[in-house]
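S.K.: My questions all concern the structure below.
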Amino acid sequence: MKILLVTAHPRAESLTFAAAKAFAEAAKGNGHEIEIADLTAEGFDPVLREPDEPDWSDSNKVYSAAVRAEMARIERNDATVMVFPVWWWSMPALLKGWIDRVWNNGWAYGDRKYPHSRAWMLAIAGSSAEAYAKRGYDDAMRTQLEVGILGYCGIAETRLEILFDAIEGPPGPETILATARRLGSEF
């Protein structure tokens, strides 16, 4: 299987990138191919402008060249995995902007659905599972990201894994990397 591994973090030496690498190495160990989409390094513009605004009356709208290139990159793969830090109980604006611009009407939802039947999100969270559960942040993220984005786009196999304790550990980064490796080996 060809997996598009999408990352969105400003620092290449971050725990987010280490988790993405751990996932990728384990998935490659199962014979999968990995294509990395490092949105920060690539300078992806997350701002939705008129050429890429959904046209609800035209599901065959032709989007900008940049968006069509991203669509083609997705289409040459079989699955999508997004690895990102949790910022404000969601994904970074860069990744959300990629989804806003690329996962568009008539291609990812509407008359057609997202081209992959499997899409996972690995979210690196600073605090504990207990802290998220106490205020319902984990449920809010699942509703927004897994139901509101992945499910809305008709993806059959969705998964949001929140990897806790990046900052407040233990267990901390070692456990996050071990979990990322396990998830890559299960993919």
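S.K.: Looking at segment 1-101, which GluC sites (Glu not before Pro) are in a loop (DSSP not H, G, I, E or B) and have at most 10 other Cβ atoms within 10 Å?
M.R.: Those satisfying the criteria are E13.
S.K.: Compute the FRET efficiency between S185 and D45 as 1/(1 + (r/R0)^6), taking r as their Cβ-Cβ distance and R0 = 41 Å, and round to the nearest 0.05.
M.R.: 0.75
S.K.: Now for a separate question. Could you tell me the largest-minus-smallest coordinate of the C-alpha atoms of segment 11-117 on each of the three principal axes, in descending order and whole angstroms?
M.R.: On the principal axes, segment 11-117 reaches 43, 31, 24 Å in Cα extent.
S.K.: Any idea what the relative contact order of the chain is, in percent, if you count C-alpha pairs under 8 Å spaced at least 6 apart?
M.R.: 28
S.K.: Would you calculate the separation in nanometres between label points at A178 and A156, each defined as 7 Å from the Cα along the Cα-to-beta-carbon direction?
M.R.: In this crude label model, A178 to A156 measures out at 3.4 nm.
S.K.: Also: What does the convex hull of the Cα atoms of the chain come to per residue, in Å³, rounded to a whole number?
M.R.: Convex hull of Cα atoms, per residue: 108 Å³.
S.K.: Follow-up question, since we're still on this one. Which lysines, if any, have their Cα less than 26 Å from the Cα of K28, not counting same-chain residues under 8 positions apart?
M.R.: K2
S.K.: Subtracting the Cα-Cα distance from 0.36 nm times the residue separation, let me have the gained length for S57 to A131 in nm, one decimal.
M.R.: 22.3 nm
S.K.: May I ask for the Rg/Rh ratio of segment 68-149, computed from Cα atoms with Rh as the Kirkwood radius, given to two decimals?
M.R.: Rg/Rh for segment 68-149 comes to 1.01.
All of the numbers you see were taken from the coordinates with simple rules; none came from a lab. Note that the structure is predicted; figures quoted are calculated from it, not measured. In this analysis, Cβ positions are derived from the backbone assuming ideal geometry, glycine residues included, and neighbour counts consider all displayed protein chains.
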